[in-house]
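The values are calculated or read from the model by the stated rules, or taken from the named source; none is laboratory data. Keep in mind that what you see is a predicted model, and the values were worked out from it rather than measured. Here Cβ is always computed from backbone atoms with ideal geometry, including for glycine, and neighbour counts include all displayed protein chains. What goes into the accessible areas is simple: the full protein's heavy atoms, side chains included, and nothing from ligands, DNA or RNA. Shrake-Rupley method; radii C 1.70, N 1.55, O 1.52, S 1.80 Å.
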Amino acid sequence: MKGCGTALVTPFDSQGALDLQAYRRLIEWQIESGIDFLVPCGTTGESVTLSEQEYRQVVRTCVETSDGAVPVVAGAGSNNTAHAVELSRMVEEQGADAILSVAPYYNKPTQEGMKGHFRAILEAVDIPMVLYNVPGRTSSNLLPDTVLELARHERVVAVKEASGDLQQIMRIAGAKPEGLALLSGDDALTLAISALGGDGVISVVSNLIPADMTRLTTLARSSRLEAARELHYRYLELMNLNFVESSPAPVKYALSRMGMIEPHVRLPLVPLSPTPRRRFDELLQQLGLIEE
């Protein structure tokens, strides 16, 4: 679980149904571009709006389309531990190589509660787990000592750290065992976290620039910092613009302008508003991702 993994969007058509044809095209392009692994049904994939049948279809389509070319790390998180267990078993049945398991949201569990949550999932499945800490969405912070304790389990193979707290991230980087990969959960911090000892990123912007984001990650991990910095600053505004409004509305708009998918999101998310659309159009043209 090292390198650059794309947190895939889930394309919908104008009626709000899954657009699996567009999804397959997106996955094929990601693989052709050299991405290291794929992450369906995460936050960017609007997993919480998918029915069980749709969830199953999305994971199965990703597994079948990738056909072993790259690992598939499927999101399977919930604030209901029993539901998280069910989702994890389901994605394992669909052939996912690992699960991405987010810290329980809304409930605000203690660190002991989070340990119990993740251990219950680990007991229920046989595939590896990537822990996911994103306090800005969950209102619960998976602390470094908790991560390091859970990492003693042989199937906890990575942590996606999206706290934005470099002190916290350094605590993990400086003490993590050899078998635990530290992945940035923020595109704009990929270079910094790699320099501190991180192992890659689960990326939103790689939906748009899979080849260059993979290259940035490879350069950063191999300490070729000057070349990595060049790519970082080239795409920094694009990274940040993807979060100008709630993700994945911005990245879906950009993908639609690139002709990859339709821009539709599901409520309670709404389409990107006009002002950031105009900036996206300008920036995508400047970067050569769309024609003027």
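With both bridge residues required to lie in the chain, what share of the DSSP beta bridges run antiparallel, to the nearest 5%?
Bridges in the chain are about 5 percent antiparallel.
Taking the Cα centre as origin and putting +1 on Lys and Arg beta-carbons and -1 on Asp and Glu beta-carbons, what dipole magnitude results for the chain, to the nearest 20 debye?
Numbers: 26 positive and 36 negative charges, 102 e Å.
Charge dipole of the chain: 480 debye, to the nearest 20.
Report Rg(Cα)/(2.2 N^0.38 Å) for the range 201-292, keeping two decimals.
Its radius of gyration relative to the 2.2 N^0.38 Å reference: 1.12.
Starting from 0.36 nm per residue, how many nanometres of slack lie between Glu52 and Leu289 once their C-alpha separation is accounted for?
81.8 nm
Which of the peptides 181-193, 100-112, 129-141 is most tightly packed, and how do the rest follow, judged by the mean count of other Cβ atoms within 10 Å per residue? Walk me through the numbers on the way to the answer.
On the way: 181-193: 23.3, 100-112: 17.8, 129-141: 20.4.
My ranking of the peptides, most packed first, is 181-193, 129-141, 100-112.
Can you check what the net charge comes to around Asn240, using other residues whose Cβ is under 15 Å from the Cβ of Asn240 (Lys, Arg +1; Asp, Glu -1)?
On the way: positive: Arg234, Arg279; negative: Asp186, Asp187, Glu237, Glu245, Glu282.
Combined, the nearby Lys, Arg, Asp and Glu give -3.
Over every pair of different alpha-carbon atoms in the range 99-176, take the mean of 1/r and invert it; report that Kirkwood radius in Å.
Over the range 99-176, the inverse of the mean reciprocal pair distance is 12.5 Å.
Give me the percent of accessible area attributable to carbon and sulfur for the range 84-238, probe 1.4 angstrom.
On the way: 2920 of 6390 Å².
The value for the range 84-238 is 46 percent carbon and sulfur by accessible area.
How much net charge surrounds Thr65 when only the other residues with a Cβ under 11 Å from the Cβ of Thr65 are counted, with Lys and Arg +1 and Asp and Glu -1? Intermediate results must be reported in sequence, preceding the final value.
Working: positive: Arg24, Arg25, Arg60; negative: Glu28, Glu64, Asp67.
Net of charged neighbours comes to 0.
Just add up the charged neighbours of Leu148: K/R +1, D/E -1, any other residue whose Cβ is under 14 Å from the Cβ of Leu148.
It works out to a net charge of 0.
Give the Cα extents of the range 12-133 along the principal axes, in whole Å, largest first.
Each principal axis gives a Cα extent; for the range 12-133 these are 42, 32, 23 Å.
Specify which residue in the list Met170, Leu231, Phe243 is farthest towards the positive end of the charge dipole of the chain, using unit charges on the beta carbon of Lys, Arg (+1) and Asp, Glu (-1), about the Cα centre.
Highest projection toward the positive end goes to Met170.
Using Cα positions and a limit of under 19 Å, work out the lysines in reach of Lys2, with same-chain residues fewer than 8 apart set aside.
The qualifying lysines are Lys160, Lys176.
Counting DSSP beta bridges with both partners in the range 121-260, what percentage is antiparallel, nearest 5?
0
With a cut-off of at most 15 other beta carbons within 10 Å, and DSSP calling the residue loop, which GluC sites (Glu not before Pro) in the range 125-171 qualify? Please list them. Don't skip to the answer; put the middle values down first.
Working: sites: Glu149, Glu154, Glu161; in loops: Glu154.
Within the range 125-171, the qualifying GluC sites (Glu not before Pro) (loop, at most 15 other Cβ atoms within 10 Å) are Glu154.
So how much accessible area does Leu148 have, in Å² to the nearest 10, using a 1.4 Å probe?
30
By how many nm would the segment from Glu32 to Ala195 grow when fully extended, if each residue of separation counts as 0.36 nm and the alpha-carbon distance is taken off?
Answer, rounded to one decimal: 56.0 nm.
Placing +1 at every Lys and Arg Cβ and -1 at every Asp and Glu Cβ, with all other atoms neutral, what dipole size does the range 161-292 have around its Cα centre, in debye to the nearest 20?
Its charge dipole is roughly 120 debye.
About the Cα centre of the range 31-169, how large is the charge dipole given +1 on each Lys and Arg Cβ and -1 on each Asp and Glu Cβ? Please answer in debye to the nearest 20.
My answer is approximately 400 debye.
Evaluate the range 134-267: find the radius of gyration of its Cα atoms, find its Kirkwood radius, and give the ratio Rg to Rh.
1.00
At what distance in nm do the modelled label points of Asp281 and Ser223 sit from each other, each positioned 7 Å from its Cα along Cα→Cβ?
4.7
Using mean Cβ contacts within 10 Å as the protection proxy, how do 22-29, 171-178 order, highest first?
In decreasing order of mean packing, 22-29, 171-178 become 22-29, 171-178.
Would you calculate, for the chain, the mean residue ellipticity at 222 nm contributed by helices, counting each DSSP H stretch of 4 or more residues as -39,500 (n - 2.57) and dividing by all residues, to the nearest 500?
So the helix-based figure for the chain works out to -14000 deg cm²/dmol.
Points 7 angstrom from Cα along the Cβ direction at Leu269 and Glu230: gap in nanometres?
With each label point 7 Å from Cα toward Cβ, the separation is 3.4 nm.
Go ahead and run the numbers for FRET between Asp165 and Glu64, Cβ-Cβ distance against an R0 of 45 Å, rounding to 0.05.
Here the calculated transfer efficiency is 0.75.
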